[in-house]
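Trainee: Just passing along the structure, written as structure tokens.
The values are calculated or read from the model by the stated rules, or taken from the named source; none is laboratory data. Source: prediction; values computed, not measured. We place every Cβ from the backbone using ideal geometry, glycine too, and count neighbours over all the protein chains shown.
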Amino acid sequence: MAEIQESGGGRKKTFEPNLVPFIDLMSVLITFLLLTAVWTQVSMVQIGTSIYGKKNENKDQPPPPLPPQVDIVLKLEIKNSGYHLVVGRESINLPKTAGLFDDAGLLAQLERIKQLYPDKQDAALAMEDDLPYEQLIKGMDAFLSAGFGQLSVLTGGSK
């Protein structure tokens, strides 16, 4: 119980705060905390499942090193003007000839890159939004024919 003393008169007023709304709020907050703590625990268990393969039992051993030059960026941009291939810091333009994309030239370049980097498996493709979908499929087929099996399609078009 809180008391307030007025200056001068000597009278004391008693003030009793209503604790019921505060108790209601705290009970809701505690319930919410307990429910979210349980869901956090369950999601932590699901993350450890075998979505990404088996867990490494030997945590003391470092992961095996990547083969040399696997981390080289390989990206194909399909534009209205033709193909633009990026390999690391090298940039290769394959313009359209007679209004058609140079699919044979692209395949030859990808096979040359595969010979230079035989351990490279991943590649990325980006395409301008106004091009037909079949052109993206042709680019993917060229990558697969050259031996690049892990493809990523970048969204948002190439700029």
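Trainee: When you check G99 against the structure, is it modelled with pLDDT of 80 or more and surrounded by fewer than 10 Cβ atoms within 10 Å (Cβ to Cβ), yes or no?
Mentor: When the stated conditions are applied, G99 passes them.
Trainee: Do we find a residue being at pLDDT 85 or above, within 20 Å of L154 (Cα to Cα), part of a helix (DSSP H, G or I) and in contact with a helix residue (DSSP H, G or I) (Cβ under 9 Å, 6 or more places away or on another chain) anywhere in region 80-89?
Mentor: Initially, region 80-89 is screened for residues at pLDDT 85 or above, giving 80-87.
Now narrow it down to the ones that are within 20 Å of L154 (Cα to Cα): 80-87.
Cutting the leftovers down to part of a helix (DSSP H, G or I) gives us none.
No, region 80-89 contains no residue that is at pLDDT 85 or above, within 20 Å of L154 (Cα to Cα), part of a helix (DSSP H, G or I) and in contact with a helix residue (DSSP H, G or I) (Cβ under 9 Å, 6 or more places away or on another chain).
Trainee: Next up: Has region 82-92 got at least one residue that is at negative phi and in contact (Cβ under 8 Å) with a residue 40 or more places away in the chain?
Mentor: Looking through region 82-92, at least one residue is at negative phi and in contact (Cβ under 8 Å) with a residue 40 or more places away in the chain.
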